[in-house]
Every structure is written in C-alpha cells, then in structure tokens.
Amino acid sequence: MKTRSFALRCAAVGCALAVALPGRTAAAIDDQQFNELKDLVTKLSQKIDKQDQRIEQLEKTHGQDAQVHSQDQKTHEQDQQKIQELEQKLGETQKTISDVQQKAAMAVPAEPLPRVPLDEATVNHNFSILGDAEFQYAKTSGQHGTFLLADFAPIFLYRGGDKVLFEAGFDFILQNNAPGSSGRTTTVNLSFAQLDYLMNDYVTLAAGNLLLPLGTYSERSAGWLNKIPDDPLPRGLVPGSGVGAELRGAVPLGPAGKMLNYTVYGVNGPSSADGTGNASALDLGGNVGLRSDNAIANLHGNPSGGARVGLFMPFRPHYDVELGLSGQSGEWDDAGQHLWSAAVADASLHLGANFEVKGEYIHSWYGSDDLGEISPNGWWVQAGYKVAGLNLDLPLINNLEFVNRYDTMHDGLGTRTRRYTLGYIYYLSNTLLFEGDYEFFRSTDPTQRNRFVFQLSYGF
Amino acid sequence: MKNISPIRPFKSRLRTALSLAVVSAALAPIALLTAEEADKQASKTEKPAEQKSEADSSKTKAKAPPKQLSGAELYSMHCNRCHPERYPTERTAAQWKTILLHMRVRANLPAEQSRTILKYLQDNSGR
C-alpha cells in the first residue's frame, strides 16, 4: 500500500515536471504558475492520501470479515459435529430401548386379556344359598316361657349348566342335653339333598334324599313358608322325605295357565326300628340305605313306590285352585310281612291377593304283628286373610295378615288331638315376618297343652 | 286304652268343620268383594280401549289367537302362591336362573312358563 502511494506520488511529480520542463526549452514559467502547480500537486497528494486511508480501512474491514467468516465456519463445523454426535447417541438409545422391550416381553408373562363383563343371564354355573331362620319365644301351659332358636335352615343350590341342579337343605337345631349333663347339643339334619336333571320340557329326573310329594306341605309349606310356627298335626303320619328317585314334570293345558303336574317315585320306604313288625316299631324316616353296621342294604326286601297328580286351574293371577291326590305303599317290617300305605288329598284356593285357604286330608294304614291293621288319619285346613284387602288407609294395619288353622289327628292307637290356632303375621318386609299365635289343644294326650308362640321368621 | 265312642268325636269334628267352613265362607265373600272393587277400578281405565277394540274385532270377525300369559302375569300367578312376593331386583340374573330351576322342580312348573318367568325376572333384575 505504501509502495503504491509512493509510486503514485512519484508519478504525480513526474507529470508535473514534464509539464514544467518543456516550458524551459520553450520559455521560462513564472512563480504564479509554479504555485498553482504546487497547489495542484498538494491537492492530488491529499486525495491520494485519503484514497490510501480508505483502501487501508477496506482492507482492514475485509480482514475482519474474513476472520469472522472463518470463525463462523469453525462454529458451523463444530455444530455439525455435535449434531452427528447427538444423532449417534439417539441411535444408540433407540437400540437400547428396543433391546430392553424385547427382553421385557420375553421375561414378563403376557398381560391378561381385558375382562369382558359377564353376561349374567348366560353364566353357565352358579352357587346360591337360600333358606330361612326362625327365632321364637314360646310359653306352654304348665311350663316356663322360653326363647329358642327354632330352626336355621339353609338351602344350597348349585346349578351346573342349564339342565342340572344340585340342591340340599339342612336344619340346625339347638337342644338341651339330658338332665344331669350340662351344655347343649347342636343337631344338624339333612332335610333333603337331591340331584335334578331336566331330561326335557316334561320330565325331570331327581335322585337323592327327596322331599316326598305326599300332599304339598313338605315341598311347599315347610319352614318359613308356613304361616304358623309349627307343622300341622297329621304331617307326623307320613314321611317328609325319603331316599330314592323320582320323575316329575308338568303339562300345560291351554294358554291360560292351567296345568297338570305329576310325580312318580320310588324310595326305600318306612322301616322297623327294631326289625319286628310291632306297631310301635314303625319308623317313617330311618331307612336311608346305609345301616349302622356299615352294610349297604335296604332294611326290608322291597322299596316303596308312590305318586302324586295335581291339577292347577288359574282363573286369573291370584285367583286359582289346585287339587291333588297322592299316595305311597310298600313293605315296612324287615320280614316284609306288612305293608305301610298312605293316601293324601290336598287342595288350595286363592281368591285375590289377600285370601287363601289350603288343607290336606291324610290317611295311612299299616299292618302289624301285635295290633293288626292300624289306621292313623287326620286333616288340617288353614285360612289367611291380609287386612290390606279392606283398603283401609292405615299403613301399619295393611301389613297385617290374620291366620287360623284347625288340625286334627288320630294316631290309630287311641290318641286323638284337636287343635285350634289363631294367629297373625306382621310383614316387616317381604322376607321378615313377625308371627304370633295361640294354640288351643283338645287331646287325650296329656302332654299336649295350650301354648302361645311369638316368632321372628326370615327368608333369604 | 281309653274307649272312645266313634259317634261323639265324629259329631264334634263335624261341628268344628262346619264352624270353620262358616268362618271361611264368611271371609271368602269379603275377599271377593274387595278384590272385585280393585278390579273394577282397574277396568274403568281399560273399558274405553276395550270397546274400541271390540268394534274393530267385530268388523274383521277373525278369531284372534289365544293370548299368551306374560312373564309378569305368570310371576304373579305362581310366585305368590307359597311365599311372599320376591322382587326381581333382589337377585342377579345368574341367581334367578338357578332359583327358577329350583322352583320349577319344587312347584312342578311347566318348562315354557318357567322360562317366561325367568326372562321377566332377569329383564327386571337390573344386575
């Protein structure tokens, strides 16, 4: 730069001299012309200096720009490097994640399938517990009043599919131990245990310890279903259950609800408690197929057979009548010399939702070694009226039902008992009943005495 | 053994049976009357519809098929005979299926009626 400016100065002086020297040869220049020339040279020099300065600045700026550019270049290169490193790291991380997922999938069992809500209506098996419990306060004439757990009777139902049901009912009873012994005894009775198989729409096979269809009381009125705390007297003349098998079903008679129902069964049947044919040895429910010496055998040679036929005629809902006829017959003593037979006629009538009447006539007869032919018999009739039928606008009264029953029994050996029962039911709910009754006895049996009973009965 | 004259106990039994029959006979009309009152009130709302339907049916003169009983009707016919009414909401659908199987056996219900009652209970159980 300095060289260039120096060269430019020299060129400028040379030009000035060249202009001045030919004039010497031609003629001599005066002072004014020389001063003007000198000024011109000075101005040109100044201009050249300024140009030099500008050039210097530009070169400086260019230099700085070049430096910045170089730095930018460097920074860009560094950024590129960083990006590459990050990309590499990302790749490695993704690979690691994928490895871990694979390992986790192999090590941990597959997630259980999401739960699909069950369609309750089609659940193919189900276990349910029904039943009832009764708690009483009772006062018998000539005895102290007492509280007692009258019965706890659970029913187990197991449905395995659409056609198979296993059902079993128990009775748990508390009883004092014999005088002289302290404590109490808990008695568990298997009231029934049967396997039901629906062969088709008209025939069901049931086998096991069956509730016998002698009348309808055993199957439909026992326990919580009974509106009076105790059983009708003549029910003691027939067995409530028996071990055997039955075919049962119903045939509709038209679309209005009329139907014929039937049961045909075979059971081991009544037996002799001591093996003899004496009248007092008759045992209605003890022949279950497994003897006390562990022998598997009927106590006598042939089982008993029985059947019930019923006709149900509804007029409309809550208006209906049902009539039934049933019977059973078979050997009872070990020797097979005597038959035990029973016939039961049952009837029920509903007139509206508030009134019902039902009853049974039971006649049995059996031969014996000592007393010949014995013919116990009896009947009972029970009526109930719900006060709600009077349409009184009294909420407490509307939950009340009056019940009365007359039952009588002759044991065929000279003992006759008649009983009048007046009672009520207060429906605390559809399943919780508060019952009370007073029983008037007329009997040749001195142990049968008037009593009143209050009962809290719960069906579940 | 006490010698009981067969005539005397028969007379007293007859007396008892008659008095019971009288009591039942007295209660039965009351029950019928109160039930019919309730039915009359229910039928008042149905009568205009019935009259209209009677007019329609007389035009066609065709014999309508006999009306099948609904689940609710069968339920009220059968399920109050032996025990107080149990509400459909008391049990789940699966439990009703089990219970109806038990009731079909116990009460000797026809299969088709049993299925209709079951459907009614399941549809109204709400669970």
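Net length available on complete extension from A:Ala297 to A:Leu205 is 30.8 nm, with 0.36 nm assigned per residue and the Cα-Cα distance removed. Computed from Cα positions, the angle between helix A:2-26 and the longest principal axis of chain A comes to roughly 30 degrees.
Taking each DSSP H run with n ≥ 4 as -39500 (n - 2.57) and averaging over every residue of chain A yields -8500 deg cm²/dmol at 222 nm. For the range A:382-390, the Karplus equation 6.51 cos²θ - 1.76 cosθ + 1.60, evaluated at θ = phi - 60°, returns couplings of 9, 10, x, 9, 8, 5, 4, x, 7 Hz by residue, with Gly and Pro reported as x. Mean separation of Cα pairs under 8 Å and 6 or more residues apart, divided by the residue count, gives the range B:71-125 a relative contact order of 56 percent. Residue exposure proxy: A:Asp230, A:Asp196, ordered by other Cβ atoms within 10 angstrom of their Cβ from fewest to most, comes out as A:Asp230, A:Asp196.
The slack between A:Leu90 and A:Leu174, meaning 0.36 nm per residue of separation minus the straight C-alpha distance, is 22.3 nm. Karplus-based coupling profile of the range A:230-242, in residue order and whole Hz: 10, 6, x, 4, x, 5, x, 8, 10, x, x, 8, x, with θ = phi - 60° in 6.51 cos²θ - 1.76 cosθ + 1.60 and x standing for Gly or Pro.
When a/c reaches 1.5 or more, the comparison of a/b and b/c decides; with that in mind, is the range A:298-346 rounded, prolate or oblate per its Cα gyration tensor? Cα axes put the range A:298-346 in the prolate bin. Under 5 Å between amide hydrogens, built in the peptide plane, is the criterion, and for A:Trp340 it picks out A:Gly330, A:Glu331, A:Trp332 among residues at least 5 positions away or on other chains. What's the long-distance tail for the range A:220-281, i.e. % of Cα pairs beyond 20 Å? Result for the distance tail: 58 percent.
For the range A:209-222, 3J(HN,Hα) computed residue by residue from phi via the Karplus equation (6.51, -1.76, 1.60; θ = phi - 60°) reads 8, 8, 6, 7, x, 8, x, 10, 4, 4, 7, 10, 10, 7 Hz, glycine and proline entered as x.
Remark: the Cα gyration tensor places the range A:224-370 in the prolate category, a/c being 1.5 or greater and a/b exceeding b/c.
Of the peptides B:91-97, A:322-328, A:146-152, the order by per-residue mean of other Cβ atoms within 10 Å, starting with the highest, comes out as B:91-97, A:322-328, A:146-152.
The angle between the Cα long axis of helix A:31-107 and the longest principal axis of the Cα atoms of chain A comes to about 20 degrees, rounded to the nearest 10. Under the criterion of Cα pairs below 8 Å and six or more residues apart, the relative contact order for the range A:238-387 equals 19 percent. Approximating the spin labels as points 7 Å out from Cα along Cα→Cβ, the A:Tyr137-to-A:Asn450 distance works out to 2.0 nm. Counting only the Cα atoms, chain A fills a convex hull of 450 Å³ per residue. Subtracting the Cα-Cα distance of A:His76 and A:Val188 from their residue separation scaled by 0.36 nm leaves 30.8 nm.
Here, each number is a calculation from the coordinates, and none is a lab measurement. Everything numeric here is computed off the predicted structure, so don't read it as measured data. Neighbour counts run over all protein chains shown; Cβ positions are idealised from the backbone, glycine included.
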